[in-house]
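Before any comments, here is the structure.
The values are calculated or read from the model by the stated rules, or taken from the named source; none is laboratory data. Computed from a prediction, not measured in an experiment: that's the story for all the values here. All Cβ positions, glycine included, derive from the backbone under ideal geometry; neighbour counts span all protein chains shown.
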């Protein structure tokens, strides 16, 4: 799933779980076919509706991309807190001009 996938209002604002007012299924011959979402946009304050194909439905569509997956959370917990010597070493590398900050992070 791409980082930008998700439910968006017509104004372009991303819809999250807290914006959902009603959720249900659209049924066909006793089987769910679509997931129905009714939401209130936090940006333009309009109410909207969305139908998502059941095969494409995943609750992560309503989660902000900055939220961590359980695997990412475990990986970060295993790294532990950032220590003072790590901050000092990174700061020195920035002052030496060894590349852009993103290149420095990749080389760490």
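Annotation: residue 102 fulfils all but one of (1) at pLDDT 90 or above; (2) over 18 Å from residue 5 (Cα atoms); the unmet one is (1). The single condition among (1) at pLDDT below 90; (2) in contact with a helix residue (DSSP H, G or I) (Cβ under 7 Å, 6 or more places away or on another chain) that residue 20 does not meet is (1).
Taking segment 32-90 on its own, how many of its residues are loosely packed, with under 10 Cβ neighbours inside 10 Å and in contact with a helix residue (DSSP H, G or I) (Cβ under 8 Å, 6 or more places away or on another chain)? Residues flagged as loosely packed, with under 10 Cβ neighbours inside 10 Å and in contact with a helix residue (DSSP H, G or I) (Cβ under 8 Å, 6 or more places away or on another chain) within segment 32-90 amount to 1.
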